[in-house]
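Colleague: My questions will all concern the structure given below.
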Amino acid sequence: MTLQVKYATEVELFIKVLGRLAHENFVTSCGGNAAWKLEEDVILITPTQMYKGDVTVDDVVFINFAGETLAGTRRPTGEKPMYLKFFQDRPDIVSVVHCHPPCVCAAAIMDDPGFLMRPFFPETTTEVGPVPVVPYAQPLTQQLADNFAPFLPKYNSFVMENHGLVTMTRGDIYETLLTVELLESSVDSMLKALSAGTLKELSREAVRGLSHVMTTRNLPLFGAPGVNATLEALYFDAVPAM
């Protein structure tokens, strides 16, 4: 049985997610890419140099952790080193989306997008977490992948300086898409608030209460298992308040 047949359902969902990213203008031209770990040594990944809204079943690629193509007629995305880094350093992660949502990309070219590390909305605080800025490096390089190293243990979403967004989850590719959409909507509101005045963040007590929400909803704490002690500590002990 071929991988395309074995994972036909997953491929269908993968393509649906790529189409939605394109429809929402979170990817344009050939930009953006995505990957989904289906087995311990099987990764479903986007092809290089294709508009994501045009990707079909025949275009997707399967690779292993050595970066070798297992199935597919196209070459995998040139950001392959970045994805291999993610899955190797964070074995708990199942799927990753890199895209260019307009509001998050606006933050990516700000001098100080530190507000992305602070808690403002309950849903974003419990489902996305703090979003650090990964220093700029040339796309498609090992240096770009390596720049994530200090941030990968603690966080699940990352703004790539002067570039875009990376979001990863322990769920399937659709769950990661929903996380991207939630963050983009939240940043849209934050930027509008900043244009009118100042931001009012959630208190430490409020974030402590949201830890109970995460427990009730069975939401995992961000970062690699065991790295972060509590949601409260992640927001208030690791990063100075604004």
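The numbers here are math on the coordinates, done by the rules we state, and not lab data. Note that the structure is predicted; figures quoted are calculated from it, not measured. Positions of Cβ are backbone-derived with ideal geometry, glycine not excepted, and every protein chain shown enters the neighbour counts.
Colleague: What order do you get for S195, S211 when you list them from fewest to most C-beta neighbours inside 10 Å? Write down the numbers at each step before the final one.
Modeller: Details: S195 7, S211 18.
Going from least to most buried by this count: S195, S211.
Colleague: Which order do R208, R217 fall in if you start with the one that has the fewest other Cβ atoms within 10 Å?
Modeller: Working: R208 16, R217 9.
The order, fewest Cβ neighbours first, is R217, R208.
Colleague: Another question, then. Multiplying the sequence separation of F121 and A196 by 0.36 nm and subtracting their Cα-Cα distance, what value in nm do you get? Can you show the working numbers first?
Modeller: On the way: separation 75, 0.36 × 75 = 27.00 nm, distance 1.78 nm.
Going from the current span to full extension adds 25.2 nm.
Colleague: Please name whichever of H100, I173, T124 sits farthest to the positive end of the charge dipole of segment 97-242, dipole taken about the Cα centre and charges placed at Cβ: Lys and Arg +1, Asp and Glu -1.
Modeller: Of the options given, the answer is T124.
Colleague: Per residue of the chain, what 222 nm ellipticity follows from adding -39500 (n - 2.57) for every DSSP H run with n ≥ 4, rounded to the nearest 500? Walk me through the numbers before you get to the answer.
Modeller: On the way: 9 runs with 92 residues, N = 242.
The per-residue figure over the chain is -11000 deg cm²/dmol.
Colleague: Would any residue of segment 3-29 have its amide N under 13 Å from a label point 7 Å out along Cα→Cβ of A71? List them or say none.
Modeller: 3-12
Colleague: Let me ask something else about it. Cross-link candidates for K192: which aspartates and glutamates have Cα within less than 20 Å, leaving aside residues fewer than 8 places away along the same chain?
Modeller: Correct list for K192: E24, D111, D112, E123, E181, E184, E201.
Colleague: Mind checking which aspartates and glutamates have their C-alpha under 13 Å from K6, skipping anything on the same chain fewer than 8 residues away?
Modeller: Output for K6: E39.
Colleague: Right, here's the next one. Can you pull the one-decimal nm distance between simple spin-label points at S203 and N64, each 7 Å off the Cα toward Cβ?
Modeller: Label at S203, label at N64, 5.6 nm between them.
Colleague: Related question: Could you tell me the distance between the Cα centroids of segment 105-136 and segment 51-73, to the nearest Å?
Modeller: What the calculation gives is 31 Å, centre to centre.
Colleague: For Cα Rg over 2.2 N^0.38 Å, the listed values are [x] 0.99; [y] 1.04; [z] 1.27; which was obtained by calculation from the structure presented?
Modeller: Working out Cα Rg over 2.2 N^0.38 Å from the coordinates points to [x].
Colleague: For C30, C99, C105, which order do you get if you count the other beta carbons within 10 Å of each Cβ and list the fewest first?
Modeller: Details: C30 16, C99 26, C105 19.
Ranking C30, C99, C105 by Cβ neighbours within 10 Å, fewest first, gives C30, C105, C99.
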